[in-house]
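Down below is the structure, laid out as structure tokens.
Derivation of every value follows stated rules applied to the coordinates shown; laboratory data play no part. Please read these numbers as outputs of a predicted model, since none were measured by experiment. Glycine gets a Cβ as well: all are built from the backbone with ideal geometry, and neighbour counts include every protein chain shown.
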Amino acid sequence: MVKSMTGFGAARGASGKMEITVELKSVNNRYLDCSVKIPRVYMSLEEPIKAVVQKSISRGKVDVYVSIDTSKADDVEITVNRPLAAAYISALRSMAKEFSLSDNITAMDLTKFPDVLQANKQEADIEQLASDICCVLEAAVSDFEDMRSREGAKLSGDISARLCEIEKLAFLVEEASPRSVAEYRKKLETRMSEILQTADVDQTRILTEAALFADRVAVNEEIVRLRSHVDQLRELLKSPEPVGRKIDFLVQEFNREANTIGSKGNDTEMSKVVVDLKAEIEKIREQAQNIE
């Protein structure tokens, strides 16, 4: 099934009390170019994230955005510096005794002294976080793939319609070719009659010239190859593998046959058909630029 190179996908999940959001978006690119945007403290997770992306995507410029909300996480632990608190209490009691002051020290009093209470941020379990991010990423990739498949189906349908039109134009070229030979023979007879000023024209010479002309303008081989390319492209559109590059190559072959047919055509009618043929091939080429 054809897939588009452009797409968007998103998913949400959690790791403990941390909320994880992953978004993917991609645009056309000749090769796979994956860029990961993640908080700097978690930069070590960039490679595992890229590995997940590479399993499903082979071509395109892919941007992965990972955001981690730690506002609801219980990752801060408050501890008491007990030796320091004891030293403050001892000093306060000593002052109270020395200056005959009341000894009514409270816990709130102690918190006013520096470093008695210490806030320690707990280290996140990186391995678990990496696993949880990858799970959310896989869900986002699945959403991303659904969109690319829908877009790919539209591209495939459009290309299939172009191929039907190319077949019709190939038939018109095939029909026009014998007519051009007959017209050439008729013109040749008229010209020779005018030059020789007689109706008795050497038919052997006419036949020889017409045969040479017919061989020169024959497009049978090109039409056969063109139809073969149409069949090949239809098969590629059914393939489960990425086929964008193969279609790019095949479109070049389409153009080669169209150019050869154009160089052999010698009348206005065939020239118009060849112009239409090239236009359809160009439209396929443009669509192929969006295919993975």
Mind sorting Ile105, Ile133 by how few other Cβ atoms lie within 10 Å of their own Cβ, fewest first? Ile105, Ile133
If you find the alpha carbon centre of region 221-287 and of region 38-103, how far apart are they in angstrom? 62
By count of other Cβ within 10 Å, fewest leading, how are Met108, Met147 ordered? Met108, Met147
Loop only per DSSP, at most 10 neighbouring Cβ atoms within 10 Å: give me the GluC sites (Glu not before Pro) in region 1-63, ordered by residue number. none
How much FRET efficiency would the formula 1/(1 + (r/R0)^6) give for Gln128 and Asn28, where r is the Cβ-Cβ distance and R0 is 41 Å, rounded to 0.05? 0.70
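Which order results if Val64, Val53 are arranged by neighbouring Cβ count within 10 Å, fewest first? Mind dumping the intermediate values first?
Details: Val64 24, Val53 21.
By the 10 Å Cβ count, ascending: Val53, Val64.
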